[in-house]
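Right, one structure below, let's go through it.
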Amino acid sequence: MKSAVETLNPTRVRLSIEVPFEELKDSLDAAYKKINQQVTVKGFRKGKIPARVIDQRFGRGAVLEEAVNDALPKFYTEAVNEGELNVLGQPEVDITELKDGELLAFTAEVDVRPEIEIPDYSGIEVTVDALEVTDEEVEKAVEQLRERFASTSPVERAAVDGDVVTIDLEAKVDGEVLEDGVAAGVSYTIGSGELLDGIDEAVTGLEAGGEATFTSELKGGSAEGKAAEVTVKVTAVASRELPELDDDFAQMASEFDTLEELKADSRKRLETTKQYDQATQAQERVLEELLKLAEVPIPEKLLADEVQTRKHNLEHHQLGQMGLDLEKYLEIQGKTLEEFENETSEQAIKGIKTQFILDELVNKEKLNVNQEELTEHLMRRAASSGMSPDQFAQAVVEGGQVPMLVGEVARGKALAVVVEAAKVVDTNGEVVDLEDDEEETTEAAAEATTEEKAADKAEEKNEA
């Protein structure tokens, strides 16, 4: 086999491949065998039809077509390896010559990963938010915890702001009750804004047994976005009481003995969260600066495929789960289709550039991914997907996505190299000493555990 590579542009090549006919022997034998199993010829047992009979009855052309289709992937792969090409996607193949008994010649155009020169990133400097926790933020965090331990007690009076009412709802559109527009026994806190617009005004002032009708735009369901006539009936009213903010509350809501200790812990957790946010902000801004420094040609077909994938995922997964279509989504976002497509293209370009640059850094710095790093990444991805680590790992293996996860970890390590070399200062002009990802993840997990403990205590109190 002979092959030659012609560079069409920085991201696309044309392979010209010539294969002597004798190298097609295995594929020809396989073609005859396959056809033998598919056809019947009188006088011959199935699978035992001679090649000359197949040629006479079904044509030599059918055999050659089958053989060439079988052989092309193998010879294409050999040419790619011979040319040491890093190809992207599937090739566009054109058979230029096929002489029976003599020669097979074809071309294959395919996108390739461009050669990238990593710029000097040692001079990158970015500014991130200062690590400041205000007294107001601490008070808000404690107040949110206090809300979890609120108690309710039935009252025989008109409902007021802050009360918890039990309600029945019925929604009509054009005078017809919607199949999914009826609900009974719904618990609602007046003023929370968690249900329909206008419901607070409708139920305020009603006692148990009271009823009101109001018009509101539906936020979901079969008639989403339509104006509905909603009838609400109050079946019970309960006052909501918050516990006193004192040491007793601290002991009830946490493992601390005093309110001051609880506030100090809240401050520490807020600092941990802001440290994590600060590190994330630094990574994002350093990456932005790195992308500005590097020249990265973008393969046209790869870009088109990426844009299509992003649109498909948005329309058929994200929006589908919310009961929206693209038209309604754009209306809510206040964007035209052209603006949406331009934004999607820009995001896709950024994603491709990021992957190309970081992959090149992985090679340059000879970064490897060990099993522990891969496991930690898998557990984080599982948590964000709402799946258990075992379920997520099984899905990854079955989908053949382990190399993708390894790539994600490696690119994360490459970005960490750039961040470490960059100068990061906060808005106060102070140099930021970023902690490594492992420490941040551990702290974030510890914070989540503290929140879960508080939630468990609140649930135990309410059940009691």
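Solvent-accessible area of region 5-104 (1.4 angstrom probe, protein heavy atoms only): carbon and sulfur portion equals 47 percent.
Sorting LEU303, LEU319 on solvent-accessible area from highest to lowest, probe radius 1.4 Å, gives LEU303, LEU319.
With contributions of -39500 (n - 2.57) from each DSSP H run of at least four residues, the per-residue ellipticity at 222 nm computed over the chain stands at -16500 deg cm²/dmol. Note on ARG60 and VAL160: their simple-model spin labels are 10.0 nm apart, each label 7 Å out from Cα toward Cβ. For region 354-433 and region 221-241, what is the separation of their Cα centres, given in Å? The two parts, judged by their Cα centres, are 45 Å apart. The length gained by stretching the chain between GLU23 and ARG310 to full extension, at 0.36 nm per residue less their Cα-Cα distance, is 99.1 nm. Taking a point 7 Å from the Cα of LYS74 along the Cα-to-Cβ direction, none of the residues of region 96-136 has its backbone N closer than 11 Å to it.
Figure note: ASP174, ASP70 ranked by solvent-accessible area, largest first, 1.4 Å probe, ligands and nucleic acids not counted: ASP174, ASP70.
Legend: distances between Cα atoms for LYS274/LYS364; LYS350/LYS413; LYS219/LYS268; LYS274/LYS328; LYS74/LYS301; pairs beyond 26 Å are LYS274/LYS364; LYS219/LYS268; LYS274/LYS328. State, as an integer percentage, the relative contact order of the chain based on alpha-carbon contacts under 8 Å between residues 6 or more apart. It comes to 17 percent, rounded to a whole number. Taking GluC sites (Glu not before Pro) across region 328-377, none is in a DSSP loop with at most 11 further Cβ atoms lying within 10 angstrom of its Cβ. Accessible area per residue (1.4 Å probe, heavy atoms of protein chains only) ranks LEU330, LEU434 as LEU434, LEU330, with the largest value leading. Between ASN428 and ILE332, the simple spin-label model (points 7 angstrom out along Cα→Cβ) gives 4.0 nm.
Restriction of the trypsin sites (Lys or Arg not before Pro) in region 1-110 to DSSP coil positions whose beta-carbon has at most 12 other beta-carbons within 10 angstrom yields LYS42, ARG45, LYS46, LYS48. Between the amide H of ALA159 and those of GLY205, LEU206, GLU207, distances stay under 5 Å, these residues lying 5 or more places away or on another chain, with hydrogens modeled in the peptide plane. The residues of the chain expose, per residue, 60 Å² of accessible area to a 1.4 Å probe. Heavy-atom accessible surface of SER27, to the nearest 10 Å², is about 10 Å², with a 1.4 Å probe and all protein chains retained.
Using a probe of 1.4 Å, the accessible surface attributed to LEU293 totals some 90 Å² when neighbouring protein chains are kept in position.
Take the Cβ atoms of GLU295 and SER388, set R0 to 35 Å, and the FRET efficiency comes out at 0.20. Once each part is reduced to its C-alpha centroid, what is the distance from region 75-132 to region 261-307 in angstrom? Centre-to-centre (Cα) distance: 28 Å. Among the trypsin sites (Lys or Arg not before Pro) within region 150-225, those in coil by DSSP and having at most 12 neighbouring Cβ atoms inside 10 Å are ARG157, LYS219. In straight-distance terms, cross-link reach from LYS33 covers every one of the lysines whose alpha-carbon lies under 17 Å from its own, apart from those fewer than eight places away in the same chain; here that gives LYS25, LYS46, LYS48. Each residue, ARG381 and PHE256, gets one label point 7 Å from its Cα in the Cβ direction; the gap between the two is 3.8 nm. Taking the accessible area of region 175-333, probe 1.4 Å, and keeping the other protein chains in place, the carbon and sulfur fraction comes to 45%.
The values are calculated or read from the model by the stated rules, or taken from the named source; none is laboratory data. All figures in this text were calculated on a predicted structure; none of them were measured in a lab. Cβ atoms come from the backbone with ideal geometry, glycine included; neighbour counts cover every protein chain shown. Ligands, DNA and RNA are stripped out before the accessible areas are found, and what is left, the full protein with its side chains, is counted by its heavy atoms. Shrake-Rupley method; radii C 1.70, N 1.55, O 1.52, S 1.80 Å.
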